[in-house]
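First comes the structure, then the notes that go with it.
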Amino acid sequence: MSSPKLSIAFITYNHEPYLKKALDGILRQKVDFEYEIVVGEDCSTDHTRDILMDYDEHYPGMFRLLFREKNLGRPTLNVYQTSMECRGEYIAYLEGDDYWTDENKLQKQVDFLDASPEYE
């Protein structure tokens, strides 16, 4: 598989009440490039994993789910480990208790970065 233009590093831990809004915000993005969603799930104790598995089933090939076997203890470690799994030229970060409102957010950011090599 070729590398996607963008990786979305999606970090989550016990974000069940917010998760669907965050995931739907990603899936609503209008882009003209390939992207991957790399999910670092840090051993949640709520239904976060169930929701992620449901989305993965309904959107085959969109997600790479990284389910930690035990909680890493530090959110920065989950961010780091998830980032290291990203294959895109660029990385966009989103946490499970946040969401994107602009359906063109990723396209605008990638267009800017492509046109501005001094920011790479």
Taking region 59-112 and keeping residues more than 21 Å from GLY25 (Cα to Cα), part of a helix (DSSP H, G or I), open to solvent by less than 50 Å² (accessible area, probe 1.4 Å) and in contact (Cβ under 8 Å) with a residue 12 or more places away in the chain leaves ASN78
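Just for region 16-45: of the residues that are closer than 17 Å to ASP98 by Cα, surrounded by fewer than 21 Cβ atoms within 10 Å (Cβ to Cβ) and of a type in the set (D, E, K, R), which one is farthest from the chain's Cα centre (by Cα)? Outline the logic, then answer.
Step one: list which residues in region 16-45 are closer than 17 Å to ASP98 by Cα, which gives 16-29, 37-42, 44.
So of that shortlist, the ones also surrounded by fewer than 21 Cβ atoms within 10 Å (Cβ to Cβ) come out as 16-18, 20-22, 24-25, 27-29.
Right, trim to of a type in the set (D, E, K, R) and you get 16, 20-21, 24, 28.
On the way: GLU16: 15, LYS20: 13, LYS21: 13, ASP24: 11, ARG28: 13 Å.
Selected residue: GLU16.
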When you scan region 1-21, how many residues do you find that are at pLDDT 95 or above, within 10 Å of CYS86 (Cα to Cα) and assigned to a loop (DSSP other than H, G, I, E, B)?
1
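Taking VAL31, is it of a type in the set (Val, Ile, Thr) and in a loop (DSSP other than H, G, I, E, B)?
On the way: of a type in the set (Val, Ile, Thr): yes; in a loop (DSSP other than H, G, I, E, B): yes.
So VAL31 passes the test.
Provide a single number: the residues in region 48-58 that are open to solvent by 90 Å² or more (accessible area, probe 1.4 Å) and either acidic (Asp, Glu) or within 13 Å of GLU36 (Cβ to Cβ) (or both). Working first, answer last.
Keep residues of region 48-58 that are open to solvent by 90 Å² or more (accessible area, probe 1.4 Å), which gives 53, 57-58.
This time we only want the ones that are either acidic (Asp, Glu) or within 13 Å of GLU36 (Cβ to Cβ) (or both), so: 57.
Of the residues in region 48-58, 1 are open to solvent by 90 Å² or more (accessible area, probe 1.4 Å) and either acidic (Asp, Glu) or within 13 Å of GLU36 (Cβ to Cβ) (or both).
The values are calculated or read from the model by the stated rules, or taken from the named source; none is laboratory data. Predicted, not measured: the structure shown is a model, and the values here were computed from it. Positions of Cβ are generated from backbone atoms using ideal geometry, with glycine treated the same way; all protein chains shown enter the neighbour counts. These area figures cover heavy atoms from the full protein model, side chains too; ligands, DNA and RNA do not enter into them. Shrake-Rupley method; radii C 1.70, N 1.55, O 1.52, S 1.80 Å.
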